[in-house]
1. How many angstrom separate the Cα center of region 147-206 from the Cα center of region 67-94?
2. In the chain, what percent of the accessible surface is made up of carbon and sulfur (1.4 Å probe, ligands and nucleic acids excluded)?
3. Straight-line reach only, C-alpha to C-alpha below 18 angstrom: list the lysines that residue 14 could link to, leaving out same-chain residues fewer than 8 apart.
4. Looking only at 159, 79, 167, which one moves most when the chain is put into a Gaussian network model with springs between Cα atoms under 10 Å?
5. For the chain, what is the accessible area per residue in Å², given a 1.4 Å probe and the full set of protein chains?
6. Eigenvalues of the Cα gyration tensor times 5, then square-rooted: what semi-axes does that give for the chain, in whole angstrom, largest first?
7. Among all helices in the chain defined by DSSP H, which have a length of 30 Å or more along the axis from Cα atoms plus a Kyte-Doolittle mean of at least 1.0?
Amino acid sequence: MKKAVLLDVDHVSKSFILSKQRQSELILEAVSLQVQTHQFISIIGSSGVGKSTLLRMIAGIIRPSYGAITFDGNLVTAPNRRMSMVFQNFALFPWLTVRQNIMFGLESQLNSDCQYVDNQIDNLINLIGLKGLKNAYPYELSGGMKQRVGFARALAVEPELLLLDEPFSALDVLTGQRLGQDLITLWERRKFKMQAIVLITGRLQI
């Protein structure tokens, strides 16, 4: 299977201005990496080393201080609908049901008919292990089920690059391992159109 460079992080550095000291603090320095199509990349590091900052720069949420990030040959300067992210703290809307949380991303990105959206959501709910829960609210779900909703919402928009910001860190070890294995299985079976996955984590647990 032919591979091509999908993501290129070229000597990226990031500094933040501390509000009280008014001094610049270097968070990341001269980070370079490439992600090819059909790759699952893990970035491992301890807390506070800038892993989430790097992922947010890749996603276009924040801009690097130096260096450049390109996705499919184009400079990343803003969020790109061809990428999606799963966060570590679930990031669900508590007033929306499982189905409505998943549909949120689809409504904002797709100009498709209602039947397509309904079919897309139903398929995702079954694939991601949420069958029978589409009308439940987040407070009715366990941590593992909440994170499954987060995965389903990110996958609903059919991203080419899936970014995972320590998605298992808020879960107990057993639940995190189970969800990680389910993700690996879906990836290996090519159930989605994504071309690559970038995972940041503080520990190996998949």
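The values are calculated or read from the model by the stated rules, or taken from the named source; none is laboratory data. Just so it is clear, the structure is predicted and the values come from calculations on it, not from any experiment. Areas reflect the complete protein model, heavy atoms only, side chains present, ligands, DNA and RNA absent. Shrake-Rupley method; radii C 1.70, N 1.55, O 1.52, S 1.80 Å.
1. Value for the Cα centre distance between the two parts: 15 Å.
2. Details: 5420 of 11020 Å².
Heavy-atom surface of the chain belonging to carbon and sulfur, 1.4 Å probe: 49 percent.
3. Cross-link targets: 51.
4. Looking only at 159, 79, 167, the biggest GNM fluctuation is shown by 79.
5. Values: 11020 Å² over 206 residues.
So the chain comes to 53 Å² accessible per residue, rounded to a whole number.
6. Values: eigenvalues 168, 78, 60 Å².
For the chain, the semi-axes come out at 29, 20, 17 Å.
7. Values: long enough: none.
Long hydrophobic helices here: none detected.
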